[in-house]
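Working notes, beginning with the structure itself.
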């Protein structure tokens with residue numbers, strides 16, 4: 001499926017990684033749903049926040065936990 005180009009920003013904190021996606025006003029809801037489901041299933045993202053602005057655009061924030069591997073001191 002081909003999606004229109006979105007503005008995507010990724011921010012990393014100590015325990016979570018956040019991805020912000022700007023969705024323009026005219027984008028169909030089925031396309032947006034497919035895009036978010038694909039990101040959730042393939043990238044382990046969870047919906048964190050949705051902001052709807054008066055001009056009709058949406059700002060969607062996704063997050064996922066950062067998994068830090070434990071260090072082993074095997075000889």
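The values are calculated or read from the model by the stated rules, or taken from the named source; none is laboratory data. Every value quoted in this text rests on a predicted model; they were computed, and no experiment measured them. We place every Cβ from the backbone using ideal geometry, glycine too, and count neighbours over all the protein chains shown.
Looking at 21, 10, which is the one that is loosely packed, with under 14 Cβ neighbours inside 10 Å and either touching a strand residue (DSSP E or B) at 6+ places or on another chain (Cβ under 6 Å) or part of a strand (DSSP E or B) (or both)? Write out each step before concluding.
On the way: 21 fails: loosely packed, with under 14 Cβ neighbours inside 10 Å.
So the residue among 21, 10 that is loosely packed, with under 14 Cβ neighbours inside 10 Å and either touching a strand residue (DSSP E or B) at 6+ places or on another chain (Cβ under 6 Å) or part of a strand (DSSP E or B) (or both) is 10.
Considering region 28-50 alone, what residues qualify as being modelled with pLDDT of 90 or more and not in a helix (DSSP H, G or I)?
Of everything in region 28-50, those that are modelled with pLDDT of 90 or more and not in a helix (DSSP H, G or I) turn out to be 28, 45, 46, 47, 48, 49, 50.
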